[in-house]
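One structure below.
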């Protein structure tokens, strides 16, 4: 006789332990028990992908090796999820479906290898191997444990034609190029676009998306000559300029003529004002970084008398996973940059 599955909330409210009544992302503590409710999916975790802002903060505070490993283990043990208490951000994961409740709407079956497209900040998570295979030197974390997806979660079955680590890197940031595509097309004409952090994962994909969407001028802003050389070789931008994205005047000077759309893909705080100053009146700034201070952005725009629309990149646009993977397949320059990042960390 089949065991009956308890009925839960599609938003995961039944997994919230403290404080009761908030959504899982806001909760201090979740229940990570791997027994699925009727509409849940339980995943055997193989790899975590910490978001860039969170990993940078953890590395700067704890270094690498045992200290950063212990910090991640402590967060997950205490909270039942991976949510950096400083940045508030998490990441996503790769694994294999262990079980799917009979009412799950996600279309996943036991044995499916997937990447989750929802944040670890709202994903019930247990770690069972002590992260023994992680040296703390990279955002991707080999891991054994379990995770739970809710009825309103999102996941993508891993493609057969790409290495797992590469696919995970792309899917981690797949919301950025999809939203860039939408905003550039909405701007009409042949808008000028600048991507702050154009040499990174989300930045390189956003450069490719902007050009495909019809941008007339594509500018990549990067912090070093090394990154500039790589982006130029990838052929993703019309102009590659070097500046510290935290220095507003330097950013505006480097970009030159203000652009219609600025996409912020930098994983350090303090880049809000430079992005605003680089954007023409009537233009749009897309903040696609968990290091963004939205208070600083709003008050900065007011103080600069800048008539710009500011958007929060929330990581979800319909079809974003397929869109980002196709960009990687079709744009050799993007793939080269992703591959170089993985090689540098190996």
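List of remarks:
- Within the range 223-248, restricting attention to residues that are part of a strand (DSSP E or B) and free of Cβ contacts under 8 Å to residues at least 40 places away in the same chain, the residue that is surrounded by the most Cβ atoms within 10 Å (Cβ to Cβ) is 241.
- Some residue of the range 267-274 being under 22 Å from residue 235 (Cβ atoms), in contact (Cβ under 8 Å) with a residue 40 or more places away in the chain, out of contact with any strand residue (DSSP E or B) (no Cβ under 7 Å at 6 or more places or on another chain) and buried (at least 21 other Cβ atoms within 10 Å of the Cβ): no
- Residue list for the range 101-130, restricted to those being in contact with a helix residue (DSSP H, G or I) (Cβ under 8 Å, 6 or more places away or on another chain), part of a loop (DSSP other than H, G, I, E, B) and crowded, with 21+ Cβ neighbours inside 10 Å: 124
- Evaluation of residue 190 against the conditions (1) in contact (Cβ under 8 Å) with a residue 60 or more places away in the chain; (2) part of a loop (DSSP other than H, G, I, E, B); (3) assigned by TED's automatic domain parsing to the domain that holds residue 329 shows that the sole unmet condition is (1).
Rundown of residues vs (1) modelled with pLDDT under 95; (2) surrounded by 19 or more Cβ atoms within 10 Å (Cβ to Cβ), yes/no style:
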| site | (1), (2) |
| --- | --- |
| 169 | yes, yes |
| 181 | no, yes |
| 185 | no, no |
| 221 | no, yes |
| 250 | no, no |
| 253 | no, no |
| 256 | no, no |
| 264 | no, yes |
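The values are calculated or read from the model by the stated rules, or taken from the named source; none is laboratory data. In this text the structure is predicted, and so the values were computed from the model without any measurement. Ideal geometry is used to build each Cβ from the backbone, glycine not excepted, and the neighbour counts take in all protein chains shown.
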